[in-house]
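The block underneath contains the structure these notes are about, expressed in structure tokens.
The values are calculated or read from the model by the stated rules, or taken from the named source; none is laboratory data. Worth saying up front: this structure is predicted, and the values here are computed from it rather than measured. Note that each Cβ is placed from the backbone with ideal geometry, even for glycine, and that neighbours are counted across all protein chains shown.
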Protein chains: 2
Amino acid sequence: MKHNETIVALATPAGAGAIAVIRLSGEKAIEIASEIFTSVSGKVLREQKTHTVHLGHVKDGERVIDEVLATLFKNPNSYTGEDVVEFSCHGSNYIQQEIIQLCLRKGARMAQAGEFTLRAFLNGKMDLSQAEAVADLIASDSEASHQLAMNQMRGGFSSEIKKLREELLNFASLIELELDFAEEDVEFANRDEFQKLITRITHVLKSLIDSFATGNVLKNGIPVAIVGEPNVGKSTLLNALLNEERAIVSDIAGTTRDTIEDEIVMGGIGFRFIDTAGIRKTTDTIEGLGIKKTFEKMEQAQVVVFLVDSTQLAADSEAIDTFKVEIEKIKNKYPQKPLVIIANKIDQLTSNEISLLTSSISNLSLLSAKTGQGVEELKEKLLNFVNTGALRNNETIVTNTRHYDALLKALEEILKVQEGLDSGLSGDLLAIDIRQALYYFGEITGEISNDELLGNIFANFCIGK
Amino acid sequence: MKHNETIVALATPAGAGAIAVIRLSGEKAIEIASEIFTSVSGKVLREQKTHTVHLGHVKDGERVIDEVLATLFKNPNSYTGEDVVEFSCHGSNYIQQEIIQLCLRKGARMAQAGEFTLRAFLNGKMDLSQAEAVADLIASDSEASHQLAMNQMRGGFSSEIKKLREELLNFASLIELELDFAEEDVEFANRDEFQKLITRITHVLKSLIDSFATGNVLKNGIPVAIVGEPNVGKSTLLNALLNEERAIVSDIAGTTRDTIEDEIVMGGIGFRFIDTAGIRKTTDTIEGLGIKKTFEKMEQAQVVVFLVDSTQLAADSEAIDTFKVEIEKIKNKYPQKPLVIIANKIDQLTSNEISLLTSSISNLSLLSAKTGQGVEELKEKLLNFVNTGALRNNETIVTNTRHYDALLKALEEILKVQEGLDSGLSGDLLAIDIRQALYYFGEITGEISNDELLGNIFANFCIGK
């Protein structure tokens, strides 16, 4: 990728709509735009001020392609930090293609995925973690994932990492300076101060690393396995939860064709409900093939919901006992996993039958997905399993696997530095570990980067961003 | 619909993309935008100049929803003629929805389909036929349909209609004035001049009406029926045509499930290839059920391509005779319809076999969809069937059924006026027919409109335009 070329791409989603935006960025953006754009007022585009909008026509020679608005952003005051022209045209596929083709003929080239944001990073408009947040922001579909991306884009923990990195860099320089005066046995770097910094860094790194588990589920949605036989009322339950929230439902084909996931946003948090079937009431089939799959799904889930048709249990002590055996099996297999046991269809039971049920099975939630009874309580229960305190308090949460890896590696190096300090390691050896920790810090914010790393990150972007 | 309310809608296609544009229009557009937008520079939005762009944040109270660019258009210098603010935000579904919801809470309402363009019409930014062209422009997917819409949007024939209407209106007033002086037997309206005008109007109306047939096919694509047995090489042929042009292919489900149409843009003109099957080589089945369908398809087509597998005919005079009978049947049934007879797979024939074939069947086109031989010639042949002279010469072409109907009705009234002139009809009776013609002229440009008419027109628009 040559970064001095002028790039062009459609910035709005593909397809026909009222308007579409085509973005040109680079040294020749204004020149190319001026060649194909004629303003209605007769003004020359390149002589106009930055951040101004001009009505005119995009023409290929004499042929008018469209009436458009051209918006001018002069470097460095643009998204990429380069000269940028955005054409807001009528949203026909044909017009979009014609204008892009015209820009290509005039010397622009097609932008690669994420290249506008890559340039923003290379031109110092944002650090690497902020650039990565742009992709997360576009993909966000719940309040939680949106807020995480927004926090990260507005600086998030990278400003803190940057500050710590600078302090650490300062100490590294002082320690390396000592090496030049090795024979004089001086200490430029105050070891007490340095110990304090290392303690502080260790604390920050650990809490950031801890936040990843929360961050990951908030970003991607909380996986909830719904266990139970077919027809116990799973879809009625999902619809009931939906009606509470008027939230997004979508069918995501799972990794295997036989798993369908429903995503529901409740209280701003995405929940991915993993449908599992296979548990049978007879204990002898519980180790069967279907059950194996059910356990696999439970493995992936953060929360397990065990749904039972209460009319099948009512006044049938044998069925109740079988059900209790199943509950115990799950509890034994996943002692740490939150389990919600729900008796559905209680609207069809007498109050005596309900009493018998609740006295036989501990912690049983009563629900009628049909009438809505117990739905609100279930929702609260699910939300309580998610520790959203950190999110609400604007605490820093790590959501990006790359950052998580770099933080783990940085912590490893910092712990080596700590060991070195404890054992009175010599400055030259200490310096090596510090440099390595600095490297991983730099990888997060992009102060240290290479083409491969950048390629990997920006390949996940959409074209036009 | 209240036109003094402030409306909001997503103007870019739905879905996630790099950016999305949300458009606010109306009296309170700037007020609402100022309430939710805080510029980074601290500038107050409402104090800024029209056609300027400002970087800032959309906030719901203290919660930052997104970093956006806000573009200001002050009335009357906007698309709608009203105050308009466009937010260019990150293209996440969540953000789009949040910003729109926020605008709704601050007093805007959701725009209805085409309402921005409706307001542009009501505020005199464009006439009705220009407004209709906006929808055509967005739907255009070939050079021909794009140019037709573009011509119409830039004035097209409506300026001519407007001018004729004014002249006619002038005469109508003079004739009506005569009625006030009926006893004095004066003629304010020069009858010779009036006759000239009526002749001119008749000529213009007739040529516009004639252009509709061309306009309609150019706008919607030329329907081409491909007749022939399965496996004669239809899809290879379509692919060969495609490779020539790298054009758009799409599968459009036809009116019945068993008809699939391929659309290919060649030389800027859309062709809809209607796949027909059913013709059998034995003459006795030609009247069968499958054949009936084939004839139905041919009926709808503007051009018929009869494709035959030449290897099936080679050195088989009986098969050739049967084929010739079929050709005659089609020619007899559709004497006016252009017919292209193509022998495919000629790469598998010897030159002797080819000679025999061309000498037996007149006007036979030789083709090898596989090697590409004859493809260019076929393309030229198809393009020649379309009279694009009018298009190339920027002649006015009517494409809109509503305009066509109004033109037909206007012509009818003008012919009545002509009759009246010929028979020396009295001024008061003449005036009635003139007024009626004026009414239909006005319907085209929108000088005469009513809520029902406007409702019908703008309901076909997308939301956000």
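Quick look at the values:
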item	result
Count of residues meeting criterion [closer than 30 Å to residue A:115 by Cβ, modelled with pLDDT under 95 and touching a helix residue (DSSP H, G or I) at 6+ places or on another chain (Cβ under 6 Å)] in the stretch B:6-63	1
Count of residues meeting criterion [farther than 29 Å from residue B:398 by Cβ and either assigned to a loop (DSSP other than H, G, I, E, B) or of a type in the set (Phe, Trp, Tyr) (or both)] in the stretch B:160-203	7
When residues of the stretch B:439-465 are limited to those that are of a type outside the set (Gly, Ala, Ser) and outside any helix (DSSP H, G or I), the one surrounded by the fewest Cβ atoms within 10 Å (Cβ to Cβ)	B:450
Residue that is surrounded by the fewest Cβ atoms within 10 Å (Cβ to Cβ), among those in the stretch B:146-156 that are at pLDDT below 85 and more than 9 Å from chain A (Cβ to nearest Cβ)	B:155
Any pair with Cβ under 6 angstrom, 6 or more apart, that starts in the stretch B:195-215 at a residue that is not assigned by TED's automatic domain parsing to the domain that holds residue B:164 and of a type in the set (Gly, Ala, Ser) and ends at one that is surrounded by 14 or more Cβ atoms within 10 Å (Cβ to Cβ) and in a helix (DSSP H, G or I)	none
Single condition residue A:109 does not satisfy, out of (1) at pLDDT below 90; (2) within 30 Å of residue B:142 (Cβ to Cβ); (3) among the charged types (D, E, K, R)	(1)
Matching option when the condition is surrounded by fewer than 21 Cβ atoms within 10 Å (Cβ to Cβ) and in contact (Cβ under 8 Å) with a residue 12 or more places away in the chain, among B:383, B:367, B:357, B:313	B:383
Residues that are more than 10 Å from chain A (Cβ to nearest Cβ) and of a type in the set (Asp, Glu), drawn from the stretch B:63-90	B:82, B:83
Residues (of a type in the set (Val, Ile, Thr) and loosely packed, with under 14 Cβ neighbours inside 10 Å) located in the stretch B:157-193	B:186
Of all residues making up the stretch A:11-39, the number that are within 14 Å of chain B (Cβ to nearest Cβ), over 17 Å from residue B:137 (Cβ atoms) and surrounded by fewer than 24 Cβ atoms within 10 Å (Cβ to Cβ)	4
Helices (runs of 4 or more DSSP H) within the stretch B:91-145 that include 3 or more residues within 16 Å of residue B:20 (Cβ to Cβ) and within 13 Å of another protein chain (Cβ to nearest Cβ)	B:93-105
Qualifying residue in the stretch B:431-438 (condition: without any contact (Cβ under 8 Å) to a residue 60 or more places away in the chain, of a type outside the set (A, V, I, L, M, F, W, C), surrounded by 14 or more Cβ atoms within 10 Å (Cβ to Cβ) and outside the structural domain of residue B:234 (by TED's automatic domain parsing))	yes
Among residues of the stretch A:18-63, those that are closer than 12 Å to residue A:89 by Cα and aliphatic (A, V, I, L, M), counted	7
Check on residue A:380, over 27 Å from the mean Cα position of the chain (by Cα), modelled with pLDDT under 90 and farther than 30 Å from residue A:199 by Cβ	no
Residue within the stretch A:372-379 that is under 18 Å from residue A:229 (Cα atoms) and of a type outside the set (Phe, Trp, Tyr) present	no
Odd one out for residue A:169, checked against (1) within 14 Å of another protein chain (Cβ to nearest Cβ); (2) over 30 Å from residue B:60 (Cα atoms)	(1)
Failed condition for residue A:67, given (1) without any contact (Cβ under 8 Å) to a residue 60 or more places away in the chain; (2) within 23 Å of residue A:17 (Cα to Cα); (3) not in a strand (DSSP E or B)	(3)
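Results for (1) touching a strand residue (DSSP E or B) at 6+ places or on another chain (Cβ under 9 Å); (2) surrounded by fewer than 17 Cβ atoms within 10 Å (Cβ to Cβ); (3) at pLDDT 75 or above, shown as yes or no for each residue.
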residue: A:264; (1), (2), (3): yes, no, yes
residue: A:271; (1), (2), (3): yes, no, yes
residue: A:275; (1), (2), (3): yes, no, no
residue: A:284; (1), (2), (3): no, yes, no
residue: A:292; (1), (2), (3): no, yes, no
residue: A:295; (1), (2), (3): no, no, yes
residue: A:298; (1), (2), (3): yes, no, yes
